[in-house]
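Note sheet for the following structure.
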Amino acid sequence: MKGEEISKLEAYLKRLFDNQSIAIKPRPRKDDSAEVYVGDEFVGLIHRDDEDEDDISYNFTMAILDYDLN
């Protein structure tokens with residue numbers, strides 16, 4: 001994922017969750033996904049799905065560990 005694409009996704013997530021501490025950072029050696037952070041904490045990955053060139057979408061994956069729920 002390139003800089004402009006990452007910037008648009010980051011702005012969208014900040015608006016959606018009303019949280020200015022969300023940051024999206026490119027992954028080394030991977031161009032189909034980026035890392036999502038809230039502050040300094042890694043929270044998940046966002047993947048670009050471009051199998052159908054006319055219909056690009058993004059999938060956000062976030063793992064929640066059971067000990068985080070306590």
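Just so you know, all these numbers are worked out from the coordinates, no wet-lab data involved. In this text, all values refer to a predicted model and were calculated from it rather than measured experimentally. Methodologically, a virtual Cβ is constructed for each residue, glycine included, from the backbone with ideal geometry; neighbour enumeration extends over all protein chains shown.
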field: Low-density loop positions, GluC sites (Glu not before Pro), the chain - DSSP coil, at most 10 other Cβ in 10 Å
entry: 51, 53
- prompt: Using unit Cβ charges (K, R positive; D, E negative) and no other charged atoms, how large, in debye to the nearest 20, is the dipole of the chain about its Cα centre?
  reply: 420 debye
- line: Simple SL model, points at 7 angstrom along Cα→Cβ for residue 7 and residue 61; separation in nm is 2.8 nm
statement: residue 16 and residue 47 label points (each 7 Å along its Cα→Cβ direction) are spaced in nm at 1.6 nm
- line: Relative contact order as a percentage, the stretch 3-69, C-alpha pairs under 8 Å and 6+ apart, gives 18 percent
query: Using alpha carbons only, how many degrees (0 to 90, rounded to 10) separate the axis of helix 3-17 from the longest principal axis of the chain?
result: 40 degrees
task: Specify which labelled value, from [x] 80; [y] 116; [z] 195, agrees with volume of the Cα convex hull per residue in Å³ derived from the coordinates of the model shown.
output: [y]
